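The values are calculated or read from the model by the stated rules, or taken from the named source; none is laboratory data. From a predicted model like this one, the values you see are computed outputs, not experimental measurements. Heads up, the Cβs are rebuilt from the backbone with ideal geometry, glycines too, and the neighbour counts pull from every protein chain shown. Side chains are part of the model used for accessible areas, which takes the heavy atoms of the whole protein and leaves out ligands, DNA and RNA. Shrake-Rupley method; radii C 1.70, N 1.55, O 1.52, S 1.80 Å.
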Amino acid sequence: MPKSASSPDDLLAPLTAKTLQAIAEEGVVRSFPKASILINEGDVSESLYIVLSGRGKVYASNAAGREIVLSFVGPGEYVGEMSLDGSPRSASVMTVEPTTCAIITRASFRNFLFAHPEFAMHLIGKLIQRIRATTENVKSLALSDVYGRLVRLITTLAVERNGIMIVPERLTQQDIAERVGASRDMISRLLKDLVGGGYLAIQDRVITVLKKPPAGW
């Protein structure tokens, strides 16, 4: 019986342990401490980083050192695929906890794609997902104020647990500021207002959504 086609959810899920092992065998496995820079924006490199364990953040910055976080990656995800065409890196990647990666060269990556077409489909799905996310981020930055971007971030990250909507990721105010393109002071004021209005509760950096925040503030 022929295999059924992979669903969109399968294509966007982290890589399986079997695939990770196969990829790791094609490259060099290295471990990095927290706050290690894996990729520098603007550099030219032909390496793809497959995250085997740990976590990293993908971010962009300007000459003044201001950063905006684009995404986070964890086990089974990968970064650096955009530069495999030989172009400069479009963003930087830094570990936020001890992280182990398989580092694959461009030539090895191409060989792996030819030998494992299912991974090629996964890559296509991931690229589509990232383009959609980038489009939404651009729309948010262009069309929403800081409050709107903050509410969008909280709504996107919140998950239901025992009937309660919470943001499981323990974010600092600086983390949130970097992800919505705002100052930490502005985020502090908005969060204080949302807590005071009974929309959010924050304890040990865990945000609980008590009721839907208003569309505008």
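Quick notes on this structure:
- Stretchable slack from A60 to M186, in nm (0.36 nm times residue separation minus alpha-carbon distance): 43.3 nm
- Rounded to the nearest whole Hz, the Karplus-based 3J(HN,Hα) values (6.51 cos²θ - 1.76 cosθ + 1.60, θ = phi - 60°) of region 110-120 follow the sequence 4, 4, 5, 4, 5, 7, 10, x, 5, 6, 4, with x at glycine and proline.
- In Hz, Karplus ³J(HN,Hα) per residue of region 144-161 (6.51, -1.76, 1.60; θ = phi - 60°; x = Gly, Pro): 10, 7, 4, 4, x, 5, 5, 5, 4, 4, 4, 5, 5, 7, 5, 10, 8, 9
- Counting only DSSP H runs of at least 4 residues, each contributing -39500 (n - 2.57), and dividing by the residue count of the chain, the helix-based mean residue ellipticity at 222 nm comes to -12000 deg cm²/dmol.
- Accessible heavy-atom area order of E169, E136, highest first, probe of 1.4 Å: E136, E169
- Rounded to the nearest 10 Å², the accessible area of I68 at probe 1.4 Å: 40
- Listed values for region 56-62 are Karplus-derived 3J(HN,Hα) couplings in whole Hz (6.51 cos²θ - 1.76 cosθ + 1.60, θ = phi - 60°), namely x, 10, 9, 8, 10, 9, 10, and x replaces Gly and Pro.
- Pairwise FRET efficiency - Q21 versus R110, Cβ, R0 = 22 Å, nearest 0.05: 0.70
- For region 91-195, the C-alpha radius of gyration divided by 2.2 N^0.38 Å, with N the number of residues, is 1.41.
- Computed accessible area, R89, all protein chains, 1.4 angstrom probe, square angstrom: 20
- Under a Gaussian network description of the chain, with springs only between Cα atoms under 10 Å, the residue in V96, V69, V51 that fluctuates furthest is V96.
- Cross-linked pairs K57/K192; K18/K126; K57/K139; K139/K211; K18/K212: Cα-Cα separations exceed 30 Å for K18/K212.
- Amide hydrogen proximity for F32: with H placed 1.01 Å from N in the peptide plane, the residues at 5 or more positions away or on another chain lying under 5 Å are T99, T100, C101.
- Solvent exposure of the chain, expressed per residue, is 58 Å² of accessible area, with all protein chains present and a 1.4 angstrom probe.
- Taking the centroid of alpha carbons for each part, region 164-184 and region 67-96 are 20 Å apart.
- Taking a Cβ cut-off of under 15 Å around A102, the surrounding Lys, Arg, Asp and Glu residues balance to a net charge of -2, with basic ones at +1 and acidic ones at -1.
- Computed over the chain, the ratio Rg/Rh where both radii use C-alpha atoms and Rh is Kirkwood: 1.00
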